């Protein structure tokens with residue numbers, strides 16, 4: 001059985017038996033595809049995989065591929081689900097992946113770009129080419145609305161309101177939210193929708209806004225690969241999700257209240273949004289140390305902590 005066929009059956013099992021979301025199924029399959037290719041590389045048969053093999057694979061992911069704890073945790077969840085499927089399919093006698101412990105992901109501060117860095121990244125996209133016009137519109141919208149990569153890929157034409165400069169986003173847990181976008185994003189979208197998209201879809205009915213060169217809905221992997229190209233070209237180190245982090249931090253720095261940012265991001269819990277206030281504090285400390293190195297950093301921290309307490313009281 002080929003890797004492609006096995007993953008296809010696994011995906012169908014996740015959808016029909018486990019009843020997981022489409023995004024979760026895709027994430028699990030991506031992790032398992034990497035694992036299956038690693039087995040081929042190491043000349044290990046799937047039927048004879050041991051817990052030691054799984055541990056070696058995860059060590060390889062962490063050391064050779066520099067994956068963080070969150071990615072390793074996702075891999076383990078995918079392997080556990082894959083193990084359950086292999087047991088049901090009669091390929092494994094027991095799900096040895098259940099022996100793997102998920103690492104506790106550290107709550108590190110998200111990386112944030114400056115406005116100048118965002119501009120540099122977006123300006124590196126060659127808009128003299130049709131797909132460049134599409135990519136500029138896509139990433140402009142990601143930054144303007146703070147979208148997740150899955151949200152921009154699944155955005156439908158019917159949920160894009162150009163005149164009102166508003167989109168309806170279906171986020172995690174199929175929660176719906178309305179998010180406005182700026183004039184720059186509107187202009188880029190108009191150029192893409194009027195001059196590029198019709199030539200890509202060639203008369204086909206495609207509900208998603210963004211399509212690939214075949215006229216099919218663009219995939220998360222496709223967006224990620226394109227972004228890597230622009231990252232290398234601009235010299236700005238980032239991920240697609242960094243644009244979402246930057247969106248939130250720039251809004252807070254501009255004076256928007258935390259509750260409003262929470263609504264725009266689609267966070268169900270306000271505590272998830274408050275991490276961006278700590279990003280601002282870190283930037284304040286770093287800026288102060290750069291321009292006023294002689295001042296007492298402990299006193300600065302005292303003042304920031306006092307400010308944090310006042311923020312909590314006022315909200």
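Miscellaneous remarks
- Extreme residue, farthest from residue 26 (Cα to Cα), among residues of the range 152-161 that are at pLDDT 95 or above and either out of contact with any helix residue (DSSP H, G or I) (no Cβ under 6 Å at 6 or more places or on another chain) or surrounded by fewer than 16 Cβ atoms within 10 Å (Cβ to Cβ) (or both): 161
- Of all the listed residues (177, 188), the sole one being crowded, with 22+ Cβ neighbours inside 10 Å and either at pLDDT 95 or above or within 29 Å of residue 277 (Cα to Cα) (or both) is 188.
- Listed by position, the helices (runs of 4 or more DSSP H) contained in the range 88-175 that have at least 3 residues being under 25 Å from residue 219 (Cβ atoms) and assigned by TED's automatic domain parsing to the domain that holds residue 17 form an empty set.
- Single residue of 113, 79, 109, 86 found to be modelled with pLDDT of 95 or more, surrounded by 13 or more Cβ atoms within 10 Å (Cβ to Cβ) and either under 21 Å from the mean Cα position of the chain (by Cα) or under 18 Å from residue 239 (Cβ atoms) (or both): 79
- Residue tally, condition more than 15 Å from the chain's Cα centre (by Cα) and in a helix (DSSP H, G or I), over the range 258-270: 8
- Residues that are under 20 Å from residue 156 (Cβ atoms) and more than 13 Å from the chain's Cα centre (by Cα), drawn from the range 214-230: 214, 215, 216, 217, 218
- Among the residues of the range 197-235, those identified as assigned to a helix (DSSP H, G or I), in contact with a strand residue (DSSP E or B) (Cβ under 7 Å, 6 or more places away or on another chain) and surrounded by 18 or more Cβ atoms within 10 Å (Cβ to Cβ) are 197, 200.
- Count of residues meeting criterion [assigned to a loop (DSSP other than H, G, I, E, B), farther than 17 Å from residue 90 by Cα and either modelled with pLDDT of 95 or more or touching a helix residue (DSSP H, G or I) at 6+ places or on another chain (Cβ under 9 Å) (or both)] in the range 1-42: 2
Quick grid of which residues meet (1) more than 16 Å from residue 132 (Cα to Cα); (2) touching a helix residue (DSSP H, G or I) at 6+ places or on another chain (Cβ under 7 Å):
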{"residue": "163", "(1), (2)": "yes, no"}
{"residue": "173", "(1), (2)": "yes, no"}
{"residue": "176", "(1), (2)": "yes, no"}
{"residue": "192", "(1), (2)": "no, yes"}
{"residue": "204", "(1), (2)": "yes, no"}
{"residue": "207", "(1), (2)": "yes, yes"}
{"residue": "211", "(1), (2)": "no, yes"}
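- Single residue of the range 271-280 satisfying the filter (more than 17 Å from the chain's Cα centre (by Cα) and either crowded, with 20+ Cβ neighbours inside 10 Å or assigned to a helix (DSSP H, G or I) (or both)) that is modelled with the lowest pLDDT: 280
- Positions within the range 241-257 being at pLDDT 85 or above and assigned to a helix (DSSP H, G or I), in sequence order: 241, 242, 243, 244, 245, 246, 247, 248, 249, 250, 251, 252
- Some residue of the range 189-196 being outside any helix (DSSP H, G or I) and either in contact (Cβ under 8 Å) with a residue 40 or more places away in the chain or closer than 14 Å to residue 122 by Cβ (or both): no
The values are calculated or read from the model by the stated rules, or taken from the named source; none is laboratory data. Computed from a predicted model, the values in this text were never measured in an experiment. Because the Cβ atoms are built from the backbone with ideal geometry, glycine has one as well, and the counts that use them run over all protein chains shown.
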